[in-house]
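Notes for the one structure printed next.
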Amino acid sequence: MAVRASESVAGCRSRFPIFERLTYINSCSQGALSDSVRAAYDHYLTGWDERGAPWEYWVERAETARATFARFVGGEPDDVAVTTSLSAGVSPFASALDFKARPKVVISDFEFPTIGQIWHAQELRGAEVVHVHADGAEIPVERFDDVIDEQTAVVSIAAVCYRNGSRLAVEEIAKIARERGALVVLDAYQAIGTYPLDVGELGVDVLAAGVLKYLLGSAGLGFMWTRPGLSERLVPTQTGWFADQNIFEMDINDYSPSPTARRFQSGTPPVPSIYAGIAGLELMEEIGVAETRAHVTALNERLIGGVDELGGVVVTPRDPEQRGALVCIRSTDAPQLVAALGDEGIVTSERDGNLRISAHAYNTEGDIDAVLAALARHRGLLAT
Ligand SMILES: Cc1ncc(COP(=O)(O)O)c(C=O)c1O
């Protein structure tokens, strides 16, 4: 596999061949494919072909992925479960909670469908789900303060909303939850890779994410970090043999989950996605998350200024501290606007009536100017 010297924000674009053909500015859906992620898939296929079933090496790859992700969130590898998606971590976690003493689950209006659905599924086990409603594209912390109480088992929130790009005040919400004895689950999917995350500073109990967006990997790999000491107290009923304390024991006579966060894993790990995920994570580590944040903040300032000049409506909060990498622009017909930009070779996406523009390390001012010029040509599709 060709390994390149260390990478930087300024130099990384050439690692992503898609930019030879398209203006790709849709990392909130999927990060662009790099040369190293493509090479990682080749490496997997070659190893499979040459060695047949190198399971020891494949299991070692899963351990490398676990340790690499742990570095991204400031945690320890033993506190990280390697999963196949964000859902595949949060769901076994939910299955381990006992809602008898504390039936309440608090979620926000900003959640991705999987979070709403996982927690509402727990109503079958006695949970009572309470939604904290948004005020436009913001949710004031006081609204969490009003509903989190001594009956609350868990507060499950998204770091950044996938529909409007708004960032929740995670530290403040986590503090309120902690004071009232509730656990905090953070869906960091739209945040990770866009700004530095540290589980200690955030004060959350669980952080789940996947690699296919700003971590530059592909579908099929997720991770879930749990606070040290928490997993021993929680026994998931949703499980699989890679959650066992000794996977090679092959024991069918009992259930003895791993003492670490591995207990939230399930069956056979997603080996091809792990190869790709490691390559994506390592590339992102080389490029630098803090450097990416500074770069993308400048690009988004240019984008927002340009949309203002066009008379468009930016839905995402103006304060860079209150948003991730995603900027959403109100449209009169968002699917049509995405299609019109697509016809001009500009790849974006839409949700909830908003055009989603999500720049990453590899995007440039030229990409932003191309988007703005196209929006000017399709001004009729911008809400004003
Ligand atoms: C905020 C957020 N959470 C979760 C997901 C997806 O979760 P999963 O890995 O379970 O498909 C997405 C991605 O589309 C997302 O944007």
Quiz prompt | Built amide H within the under 5 Å cut-off of R351, gap 5+ | solution = R356
Practice problem: Straight distance only, please: which lysines reach the Cα of K175 with their own Cα at less than 19 Å, same-chain residues fewer than 8 apart left out? | Solution: K104
Self-check item: Where N is the number of residues in the stretch 85-219, Cα Rg divided by 2.2 N^0.38 Å
Solution: 0.98
Quiz item: If you add up the charges near V37, with Lys and Arg at +1 and Asp and Glu at -1, over every other residue whose beta carbon is less than 12 angstrom from its beta carbon, what do you get?
Solution: -1
Quiz prompt | Under 11 Å, Cβ to Cβ, from L183 - net charge with Lys/Arg +1 and Asp/Glu -1 | solution = +4
Quiz prompt | Fraction of beta bridges assigned by DSSP in the chain that are antiparallel (%, nearest 5) | solution = 50 percent
Quiz prompt | Residue-by-residue Karplus 3J(HN,Hα) for the stretch 368-384, coefficients 6.51, -1.76, 1.60, Hz, glycine and proline x | solution = 5, 5, 5, 4, 5, 5, 5, 5, 4, 5, 10, 3, x, 9, 8, 6, 10
Quiz item: With θ set to phi - 60° and the Karplus curve 6.51 cos²θ - 1.76 cosθ + 1.60, what are the ³J(HN,Hα) couplings of the stretch 141-157 in order, to the nearest whole Hz, using x for Gly and Pro?
Solution: 4, 4, 5, 6, 4, 5, 10, 6, 9, 6, 8, 8, 7, 8, 10, 10, 10
Exercise. Report the calculated FRET efficiency for D135 and Q245 (r = Cβ-Cβ distance, R0 = 35 Å), to the nearest 0.05.
Key: 0.15
Quiz item: Relative to the present Cα-Cα distance, how much length would full extension add between D333 and E60 at 0.36 nm per residue of separation?
Solution: 93.5 nm
Quiz item: Just from its helices, what would the mean residue ellipticity at 222 nm be for the chain, if runs of 4 or more DSSP H residues each count -39500 (n - 2.57) and the sum is divided by every residue, rounded to the nearest 500 deg cm²/dmol?
Solution: -11500 deg cm²/dmol
Exercise. Treating only the Cβ atoms of Lys and Arg (+1) and Asp and Glu (-1) as charged, compute the dipole magnitude of the chain about its Cα centre; round to the nearest 20 debye.
Key: 460 debye
Quiz item: Once you put a point 7 Å from the Cα of S29 and another 7 Å from the Cα of E321, both along the Cβ direction, what distance in nm separates them?
Solution: 3.3 nm
Quiz item: Roughly what would the spin-label model give for I18 and T297, points 7 Å off Cα along C-beta, in nm?
Solution: 2.5 nm
Self-check item: Between the stretch 231-284 and the stretch 49-111, the alpha-carbon center distance in angstrom
Solution: 8 Å
Practice problem: Name the shape class, rounded, prolate or oblate, that the alpha-carbon gyration tensor gives for the stretch 199-249, where a ≥ b ≥ c are the square roots of its eigenvalues, rounded holds for a/c under 1.5, and otherwise prolate holds if a/b is larger than b/c and oblate otherwise. | Solution: oblate
Practice problem: Using 0.36 nm per residue of separation minus the Cα-Cα distance, give me the extension gain between V235 and E344 in nm, one decimal. | Solution: 34.1 nm
Exercise. Return, for the Cα atoms of the chain, the radius of gyration and Dmax in Å, separated by a comma.
Key: 21.2, 68
Quiz prompt | Amide H partners (placed H, <5 Å) of T83, local residues excluded | solution = G222, F223, M224
Quiz item: Using 0.36 nm per residue, how much length does the chain from S6 to T268 gain when fully extended, once their Cα-Cα distance is taken away?
Solution: 91.1 nm
Quiz item: When the Kirkwood hydrodynamic radius is evaluated over all pairs of different C-alpha atoms of the stretch 276-368, what value in angstrom, to one decimal, is obtained?
Solution: 14.2 Å
Quiz prompt | Interchain or long-range residues, amide H under 5 Å from E128's placed H | solution = K104, V105
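Every number here is computed from the coordinates shown, using simple stated rules; none is lab data. Predicted model only: the values in this text are computed from it and were never measured. In this analysis, Cβ positions are derived from the backbone assuming ideal geometry, glycine residues included, and neighbour counts consider all displayed protein chains.
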